[in-house]
Amino acid sequence: MLQRTSKRSRERLSLGRRLVRDRVLLLFALPGVALIIAFHYVPLLGNIIAFKDYQPFLGIGGSDWSGWENFSVIFNGDPAFLRALKNTLILTSLQSVFVFPAPILLALLLNSLFSERIKRIAQSILYLPHFMSWVIVVALFQQMLGGSGLLNNYLRSHDLSTINIIGNSELFHVLLTSQIIWKDTGWATILFLAALSQIDSQLYEAASVDGATRMRQLWHVTLPGLRGIIILLFILRLGDSLTVGFEQIVLQQQAVGRDVSEVLDTYVYNNGVLGGAWGVAAAVGLVKGVVGVILVLTANKVAHIFGEQGVYQR
């Protein structure tokens with residue numbers, strides 16, 4: 001009898017029965033799915049203008065086909081596009097090296113605090129910058145580091161030479177990276193703190209009994225417990241690796257010029273929305289999206305090779 005029950009439980013339900021069984025959950029999920037389709041998938045159809053000489057007053061249907069002509073800025077190496085690509089890759093490298101590990105280190109630091117009260121207070125303070133808009137964040141940095149900011153006013157009051165940070169093109173990439181770390185590191189610790197809370201405390205006790213130091217416990221217990229979430233987030237980060245902060249850069253672009261501040265997102269904006277080259281802008285945006293998908297799929301495949309689950313299972 002038990003064997004028959006277990007056999008029936010293993011039988012796969014038909015699609016219709018599963019829909020009836022999960023109808024309440026599906027109804028709750030329906031509004032979210034509808035929003036995703038309406039604002040994420042339907043707009044993908046607009047990528048067709050990458051292959052057209054799009055004119056807004058003619059519409060998509062009335063505009064002439066141009067084939068691969070809009071992609072010539074990519075294939076022929078347009079100087080403005082190459083400059084934007086170079087700046088994008090520089091910022092991507094800086095963010096991968098400094099921004100991505102920052103919440104991991106901060107989560108480990110917060111997790112080492114013994115007082116739960118101090119930990120909660122620190123988390124609340126660190127989360128606050130995430131809820132500020134980039135307009136406020138840029139204004140704060142200008143008030144602190146600008147030519148008439150707090151730092152330079154202090155230097156002037158002590159007869160010291162001032163430091164040009166906000167308008168210095170050589171420090172622009174470092175400034176952008178610092179702003180991202182200040183704004184989003186605290187919020188990004190949430191997932192890592194949740195993963196740390198799932199690590200069995202008996203593993204630390206066993207390691208301590210074996211004579212492992214705090215650093216050894218970190219290396220052999222804590223980091224392996226975080227490995228799955230680190231790989232998952234890194235793969236997802238690769239998908240957005242060519243997106244390095246549109247609003248943040250646009251707000252500060254005039255201070256340093258386009259030579260160091262133009263990235264792919266601002267290139268699309270300046271050429272499409274402002275310059276009217278809609279087809280070229282759409283072509284660059286389309287290639288950027290395709291490259292992101294390829295990076296995610298490749299990284300996920302590498303994760304599977306090394307025995308990790310990645311974004312989705314095989």
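Here is how the numbers come out for the structure above:
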{"read-out": "5 angstrom amide H check on LYS52, placed H, neighbours 5+ away", "value": "SER66"}
{"read-out": "Estimated 222 nm signal from helices in the chain, with DSSP H stretches of n ≥ 4 weighted -39500 (n - 2.57), rounded to 500", "value": "-19000 deg cm²/dmol"}
{"read-out": "Span-like helix ranges in the chain, DSSP H, alpha carbon extent 30 angstrom or more, Kyte mean at least 0.0", "value": "172-197, 278-305"}
{"read-out": "Distance from segment 98-134 to segment 244-314 (C-alpha centre basis), Å", "value": "28"}
{"read-out": "Accessible area of segment 82-185 belonging to carbon and sulfur atoms, whole % at 1.4 Å probe", "value": "67"}
{"read-out": "Residue-level accessible surface for HIS40, protein heavy atoms, 1.4 Å, Å²", "value": "120"}
{"read-out": "Rounded, prolate or oblate (a/c below 1.5 giving rounded, otherwise prolate when a/b exceeds b/c) for segment 93-215 by Cα gyration tensor", "value": "prolate"}
{"read-out": "Cβ-Cβ FRET estimate between ASN47 and ASP259, R0 fixed at 30 Å, reported to 0.05", "value": "0.55"}
{"read-out": "LEU26-LEU160 pseudo-label distance in nm [points 7 Å out on the Cα-to-Cβ vector]", "value": "6.7"}
{"read-out": "For the chain, accessible area per residue (1.4 Å probe, heavy atoms of protein chains only), Å²", "value": "64"}
{"read-out": "Computed label-point distance, nm, for sites LEU297 and ARG120 using a 7 Å Cα→Cβ extension", "value": "4.7"}
{"read-out": "Anisotropy class of segment 1-133 from Cα gyration tensor, a/c 1.5 cut", "value": "oblate"}
{"read-out": "D_trans [Stokes-Einstein, Kirkwood Rh over alpha-carbon pairs] for segment 113-185, 37 °C, 0.692 mPa s, µm² s⁻¹", "value": "233"}
{"read-out": "Count of lysine pairs in the chain with Cα separation under 26 Å (8 or more residues apart, or interchain)", "value": "6"}
{"read-out": "The chain, relative contact order [Cα under 8 Å, separation at least 6], %", "value": "24"}
{"read-out": "Global size of the chain as Cα Rg and Dmax, reported in angstrom", "value": "25.3, 92"}
{"read-out": "Protection proxy ranking, peptides 81-93, 44-56, average beta carbon neighbours within 10 Å, highest first", "value": "81-93, 44-56"}
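The values are calculated or read from the model by the stated rules, or taken from the named source; none is laboratory data. What you are looking at is a predicted structure, and each value in this text was computed from that prediction instead of being measured. We place every Cβ from the backbone using ideal geometry, glycine too, and count neighbours over all the protein chains shown. Note: accessible area is taken over every heavy atom of the protein model, side chains too, but ligands, DNA and RNA are not part of it. Shrake-Rupley method; radii C 1.70, N 1.55, O 1.52, S 1.80 Å.
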